[in-house]
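J.: Just passing along the structure, written as structure tokens.
The values are calculated or read from the model by the stated rules, or taken from the named source; none is laboratory data. Just so you know, these numbers come straight off a predicted model, no measurement behind them. Quick reminder, even Gly has a Cβ in these numbers, built from the backbone with ideal geometry, and neighbours come from all protein chains shown. Heavy atoms of the whole protein, side chains included, go into the accessibility calculation; ligands, DNA and RNA do not. Shrake-Rupley method; radii C 1.70, N 1.55, O 1.52, S 1.80 Å.
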Amino acid sequence: MISELLIISVGAILINNFVLVQFLGICPFLGVSKKVETASGMGIAVVFVMICASALTWVVQEYLLVPFGIEYMQTIAFILVIAVLVQFVEMFLQKSIPSLYNSLGVYLPLITTNCAVLGVAINNITKFGGTEMSFVKSIVYGGSAGLGFTLAIVLFAGVRERLESSDIPEFLKGMPVVLVTAALLSIAFLGFSGLSFN
Amino acid sequence: MSQILIPILIVGGMGIIFGVLLGAASKIFAVKTDERVPKILEVLPGANCGGCGFAGCSAYANALVSGGVKPNMCPVGGAAVAEKISEILGVEAEEKEKMVARVLCNGNPERAVQKYEYDGPRDCHSAARLGGGEKMCPHGCLGFGSCVAVCKFGAISVADGVAVVDVNKCVACGACALECPKKIIKILPAKSKYTITCKSVEKGKITRRDCKVGCIGCGICAKNCPKGAIVVKDNVAVIDPMKCVNCGICASKCPQKAINKVE
């Protein structure tokens, strides 16, 4: 079982990295990757929300959508769950752990509209739906997806920090060079697709 | 019919339950945020200059509400803003002395002796590192306008090789004083119009050699001041702005013409 979970987590972090291979959550990836510090803050927030969202959406799927045969409402139901969850977590943190709330800052509400979170929720169902271990698997998958996101955004932020002080041709300055960098990073991650466990 | 009703009921029900939960949570986890903070933020100029000593306008507003901070610290808004803040906070406004930045150098290239010709980057910090700049006097204005670059209010300019402050625009935030590598900009009360435009602490003989308008610490101004507002310390005269009555006797008596009237 542990080896199975390990395969899931390595798969989500490296082989099917959410940002660099599946191209989910590109907007925070480009938006908040100017500094390693803010990037890691965003990453931690995403890990946290993805774990909670995986657990909750699994419950919603298993005990609401499947028994009533309305799996086609998945997307709407999951968006609802994620939005509520993020709101709730924000309130909870503000009251109970203000220091964490302050350090996550604006990233927490931003995650509500992060498609990577919805991607995790839907992948959970399509990949592991129906098996008996799927609740634990869902949580492991969610956490690993978050870690993969963190890895990608922190790596990218590191490169962008170096780009700041380098001599870039005029026509590549700003967004162009950022997109080229993202593409190169994505190609680099393509190398992990050789790591197959099947 | 049930094909439509069931999803509506389930998803709608989820929405209602979540809504109620969130509503309850917002009551349970309610954090007291002071409603006076946004009000104060509205009154503050929003320049985020840091002149009050806090990280920005919102930091100052938070500090005001939590107490122990005076409402008259915003140099940009001045008395008008202080009054409004006091109104919001319900405390008496205190008159704050209007402050202004003064440049303590008047040594333009004709008056100050040049040591060498500086040819490097047009920046005071760079010039200051190269033998203290091109002026003989180690306390002279370098005139490359590092202060101009940091002023958010366009109140400082370089005229004839020396920085000049526009008193009407200056809000005394102190950014220029911090930036100046020679530390010859001081934030002083605007009340006193007369300033000793020299900061040379060298002996009189050396100051006289370096600059035509340097304070040589002779003390004539101090002797002639009817209010005793001037003292000579470390070979340079200093006016106490609180005692000064702007009579102008010191400026007329100064043999070096180192005391100048600034509006």
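J.: Just to be sure I understand, how many residues within the stretch B:1-11 are more than 10 Å from every other protein chain (Cβ to nearest Cβ) and open to solvent by less than 40 Å² (accessible area, probe 1.4 Å)?
T.: 0
J.: Looking only at the stretch B:77-88, decide whether some residue is away from every other protein chain (no Cβ under 14 Å) and in contact with a Phe, Trp or Tyr (Cβ under 8 Å, 6 or more places away or on another chain).
T.: Going residue by residue through the stretch B:77-88, those that are away from every other protein chain (no Cβ under 14 Å) are B:77-88.
Within this subset, residues satisfying the condition of being in contact with a Phe, Trp or Tyr (Cβ under 8 Å, 6 or more places away or on another chain) are none.
Looking for residues that are away from every other protein chain (no Cβ under 14 Å) and in contact with a Phe, Trp or Tyr (Cβ under 8 Å, 6 or more places away or on another chain), one finds none in the stretch B:77-88, hence no.
J.: Show the residue pairs meeting these rules: Cβ distance below 8 Å; 6+ apart or different chains; first residue within the stretch A:1-27 and acidic (Asp, Glu); second residue part of a helix (DSSP H, G or I).
T.: Correct list of pairs: A:Glu4/A:Lys137.
J.: Turning to a different aspect of this structure: What number goes with the only condition from (1) at pLDDT 85 or above; (2) in a helix (DSSP H, G or I); (3) open to solvent by 50 Å² or more (accessible area, probe 1.4 Å) that A:Gln22 does not pass?
T.: Failed condition: (2).
J.: Return the residues of the stretch A:56-66 that are buried (at least 17 other Cβ atoms within 10 Å of the Cβ) and either of a type in the set (D, E, K, R) or more than 14 Å from chain B (Cβ to nearest Cβ) (or both); say none if nothing qualifies.
T.: Result: A:Trp58, single match.
J.: Same structure again: In the stretch B:148-170, which residues are of a type in the set (D, E, K, R), surrounded by 14 or more Cβ atoms within 10 Å (Cβ to Cβ) and under 12 Å from the mean Cα position of the chain (by Cα)? It would help to see each step written out before you state the result.
T.: Filtering the stretch B:148-170 for residues of a type in the set (D, E, K, R) gives B:152, B:160, B:166, B:169.
Then keep just the ones that are surrounded by 14 or more Cβ atoms within 10 Å (Cβ to Cβ); that gives B:152, B:166.
Once the filter is applied, which keeps residues that are of a type in the set (D, E, K, R), surrounded by 14 or more Cβ atoms within 10 Å (Cβ to Cβ) and under 12 Å from the mean Cα position of the chain (by Cα), the stretch B:148-170 yields only B:Lys152.
J.: Moving on to the next point. With the condition being closer than 25 Å to B:Gly161 by Cβ and open to solvent by 60 Å² or more (accessible area, probe 1.4 Å), I'd like the helices (runs of 4 or more DSSP H) fully within the stretch B:172-240 carrying at least 3 qualifying residues.
T.: Working: elements: B:175-179, B:204-210, B:220-224.
Filter on the stretch B:172-240 gives B:204-210.
J.: Restricted to the stretch B:22-32, and to residues that are more than 7 Å from chain A (Cβ to nearest Cβ) and among the hydrophobic types (A, V, I, L, M, F, W, C), which residue is nearest to the chain's Cα centre (by Cα)?
T.: Looking only at the stretch B:22-32, we keep the residues that are more than 7 Å from chain A (Cβ to nearest Cβ), and these are B:23-24, B:27-28, B:30, B:32.
Subsequent filtering for residues that are among the hydrophobic types (A, V, I, L, M, F, W, C) retains B:24, B:28, B:30.
Details: B:Ala24: 48, B:Ile28: 44, B:Ala30: 39 Å.
Among those that are more than 7 Å from chain A (Cβ to nearest Cβ) and among the hydrophobic types (A, V, I, L, M, F, W, C), it is B:Ala30.
J.: Can you tell me which residue among B:Ser58, B:Ser66 is polar (S, T, N, Q), in contact with a Leu (Cβ under 8 Å, 6 or more places away or on another chain) and not assigned by TED's automatic domain parsing to the domain that holds B:Lys152? Outline the logic, then answer.
T.: Working: B:Ser66 fails: in contact with a Leu (Cβ under 8 Å, 6 or more places away or on another chain).
Answer to the selection: B:Ser58.
J.: Still on this structure, I have one more. Looking at the stretch B:97-133 only, could you name the residues that are part of a strand (DSSP E or B) and open to solvent by 50 Å² or more (accessible area, probe 1.4 Å)? I'd like the intermediate steps shown before the answer.
T.: At the first step, the residues of the stretch B:97-133 found to be part of a strand (DSSP E or B) are B:99-103, B:112, B:114.
Within the stretch B:97-133, B:Met99, B:Gln114 meet the criteria.
J.: Applying the selection to the stretch A:67-97, what residues are over 16 Å from B:Ala25 (Cβ atoms) and facing chain B (nearest Cβ under 9 Å)?
T.: A:Phe68, A:Gly69, A:Ile70, A:Tyr72, A:Met73, A:Ile76, A:Ala77
J.: Looking only at the stretch B:241-263, filter to residues that are outside any loop (DSSP other than H, G, I, E, B) and of a type in the set (D, E, K, R); which one of those is most open to solvent (accessible area, probe 1.4 Å)? Walk me through it before giving the result.
T.: Residues of the stretch B:241-263 that are outside any loop (DSSP other than H, G, I, E, B), as a first pass: B:249-253, B:259-261.
Filter again for of a type in the set (D, E, K, R), leaving B:253, B:261.
Numbers: B:Lys253: 102, B:Lys261: 119 Å².
Step by step, filter the stretch B:241-263, then rank; the result is B:Lys261.
J.: Here's something else I'd like to know. Do we find a residue being assigned to a loop (DSSP other than H, G, I, E, B), of a type in the set (Asp, Glu), closer than 30 Å to B:Lys98 by Cβ and away from every other protein chain (no Cβ under 11 Å) anywhere in the stretch B:33-47? Reasoning before the result, please.
T.: Applying the first criterion (assigned to a loop (DSSP other than H, G, I, E, B)) to the stretch B:33-47 yields B:33-35, B:44-47.
Narrowing further to those that are of a type in the set (Asp, Glu): B:34-35.
With the extra rule that they be closer than 30 Å to B:Lys98 by Cβ, the set shrinks to B:34.
Next cut, away from every other protein chain (no Cβ under 11 Å) only: B:34.
Yes, there is a match, as at least one residue in the stretch B:33-47 is assigned to a loop (DSSP other than H, G, I, E, B), of a type in the set (Asp, Glu), closer than 30 Å to B:Lys98 by Cβ and away from every other protein chain (no Cβ under 11 Å).
J.: If we keep just the residues of the stretch A:25-40 that are surrounded by fewer than 20 Cβ atoms within 10 Å (Cβ to Cβ) and within 13 Å of the chain's Cα centre (by Cα), which is modelled with the lowest pLDDT?
T.: Ranking the candidates gives A:Cys27 first.
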